[in-house]
Amino acid sequence: MEVTKSKQKLSLAALIVSLLPLLTLVPVFLKITLPDGVRTVWSGCNIALVLSGLLLSVICVKSGESRSVVNIVSTVISAGLVLMMLGIAVLALVLNFLR
(Lines give C-alpha, C1' and ligand atoms only; values in the text may rest on other atoms or scores of the structure.)
Protein backbone atom coordinates (compact mmCIF):
# COMPACT_ATOMS: atom_id res chain seq x y z
CA MET A 1 0.00 0.00 0.00
CA GLU A 2 2.79 2.42 0.90
CA VAL A 3 4.70 1.71 -2.30
CA THR A 4 1.61 2.39 -4.41
CA LYS A 5 0.90 5.72 -2.70
CA SER A 6 4.49 6.88 -3.10
CA LYS A 7 4.55 5.78 -6.75
CA GLN A 8 1.29 7.68 -7.37
CA LYS A 9 2.76 10.83 -5.85
CA LEU A 10 5.95 10.34 -7.85
CA SER A 11 4.01 9.88 -11.08
CA LEU A 12 1.99 13.03 -10.44
CA ALA A 13 5.21 14.93 -9.72
CA ALA A 14 6.69 13.55 -12.94
CA LEU A 15 3.68 14.80 -14.92
CA ILE A 16 3.86 18.26 -13.35
CA VAL A 17 7.61 18.52 -13.93
CA SER A 18 7.11 17.36 -17.52
CA LEU A 19 4.53 20.08 -18.16
CA LEU A 20 6.44 22.96 -16.53
CA PRO A 21 8.71 23.63 -19.56
CA LEU A 22 5.59 24.46 -21.56
CA LEU A 23 5.31 27.64 -19.45
CA THR A 24 7.94 29.06 -21.79
CA LEU A 25 5.15 29.65 -24.28
CA VAL A 26 3.32 32.09 -21.99
CA PRO A 27 5.56 35.12 -22.78
CA VAL A 28 5.43 34.21 -26.47
CA PHE A 29 1.63 34.26 -26.51
CA LEU A 30 1.56 37.51 -24.53
CA LYS A 31 4.23 39.02 -26.86
CA ILE A 32 6.56 39.78 -23.96
CA THR A 33 10.26 40.15 -24.73
CA LEU A 34 12.50 38.93 -21.93
CA PRO A 35 16.04 40.23 -21.28
CA ASP A 36 18.96 38.00 -22.30
CA GLY A 37 19.85 37.00 -18.73
CA VAL A 38 16.31 35.93 -17.95
CA ARG A 39 16.12 33.91 -21.17
CA THR A 40 19.38 32.16 -20.31
CA VAL A 41 18.20 31.23 -16.80
CA TRP A 42 14.81 30.18 -18.18
CA SER A 43 16.41 27.89 -20.76
CA GLY A 44 18.67 26.33 -18.12
CA CYS A 45 15.65 25.67 -15.92
CA ASN A 46 13.79 24.14 -18.87
CA ILE A 47 16.67 21.77 -19.61
CA ALA A 48 16.85 20.72 -15.95
CA LEU A 49 13.07 20.24 -15.76
CA VAL A 50 12.92 18.17 -18.95
CA LEU A 51 15.73 15.88 -17.84
CA SER A 52 14.34 15.47 -14.32
CA GLY A 53 10.84 14.87 -15.70
CA LEU A 54 12.19 12.16 -17.99
CA LEU A 55 14.10 10.57 -15.11
CA LEU A 56 11.05 10.58 -12.82
CA SER A 57 8.84 9.22 -15.59
CA VAL A 58 11.21 6.39 -16.38
CA ILE A 59 11.45 5.48 -12.69
CA CYS A 60 7.65 5.30 -12.50
CA VAL A 61 7.18 3.35 -15.73
CA LYS A 62 9.97 0.87 -15.04
CA SER A 63 7.97 -1.21 -12.61
CA GLY A 64 5.07 -2.99 -14.24
CA GLU A 65 2.59 -2.77 -11.36
CA SER A 66 2.84 1.02 -11.08
CA ARG A 67 2.29 1.77 -14.78
CA SER A 68 -0.66 4.01 -15.44
CA VAL A 69 -1.89 6.47 -18.03
CA VAL A 70 -0.34 9.37 -16.10
CA ASN A 71 3.08 7.69 -16.14
CA ILE A 72 2.91 6.94 -19.84
CA VAL A 73 1.73 10.46 -20.73
CA SER A 74 4.49 12.08 -18.68
CA THR A 75 7.07 9.79 -20.29
CA VAL A 76 5.85 10.65 -23.79
CA ILE A 77 5.85 14.38 -23.04
CA SER A 78 9.34 14.26 -21.52
CA ALA A 79 10.73 12.12 -24.34
CA GLY A 80 9.25 14.47 -26.92
CA LEU A 81 10.80 17.49 -25.22
CA VAL A 82 14.19 15.75 -24.99
CA LEU A 83 14.04 14.90 -28.69
CA MET A 84 13.12 18.49 -29.49
CA MET A 85 16.05 19.80 -27.44
CA LEU A 86 18.43 17.39 -29.17
CA GLY A 87 17.07 18.41 -32.56
CA ILE A 88 17.62 22.09 -31.81
CA ALA A 89 21.18 21.39 -30.65
CA VAL A 90 21.96 19.36 -33.78
CA LEU A 91 20.43 22.04 -36.01
CA ALA A 92 22.53 24.72 -34.30
CA LEU A 93 25.70 22.66 -34.82
CA VAL A 94 24.89 21.98 -38.48
CA LEU A 95 24.10 25.63 -39.18
CA ASN A 96 27.29 26.67 -37.40
CA PHE A 97 29.42 24.39 -39.58
CA LEU A 98 27.68 25.48 -42.80
CA ARG A 99 28.74 29.10 -42.34
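The values are calculated or read from the model by the stated rules, or taken from the named source; none is laboratory data. Just so it is clear, the structure is predicted and the values come from calculations on it, not from any experiment. Glycine gets a Cβ as well: all are built from the backbone with ideal geometry, and neighbour counts include every protein chain shown. Accessible surface is based on the protein model in full, side chains and every heavy atom, while ligands, DNA and RNA are left aside. Shrake-Rupley method; radii C 1.70, N 1.55, O 1.52, S 1.80 Å.
So which of Leu98, Leu86, Leu34, Leu55 is within 10 Å of the chain's Cα centre (by Cα) and of a type in the set (A, V, I, L, M)? It would help to see each step written out before you state the result.
Details: Leu98 fails: within 10 Å of the chain's Cα centre (by Cα); Leu86 fails: within 10 Å of the chain's Cα centre (by Cα); Leu34 fails: within 10 Å of the chain's Cα centre (by Cα).
Residue meeting the stated conditions: Leu55.
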>> Return the pair list, or none, for Cβ contacts closer than 8 Å from residues in the range 56-68 that are closer than 13 Å to Ala14 by Cα and touching a residue at least 24 places away in the same chain (Cβ under 8 Å) to residues that are open to solvent by 70 Å² or more (accessible area, probe 1.4 Å) and among the basic types (Lys, Arg), at least 6 apart or on different chains.
In response: Cys60/Arg67
>> Taking the condition of being out of contact with any helix residue (DSSP H, G or I) (no Cβ under 7 Å at 6 or more places or on another chain), part of a helix (DSSP H, G or I) and not aliphatic (A, V, I, L, M), how many residues in the range 36-70 meet it?
In response: 10
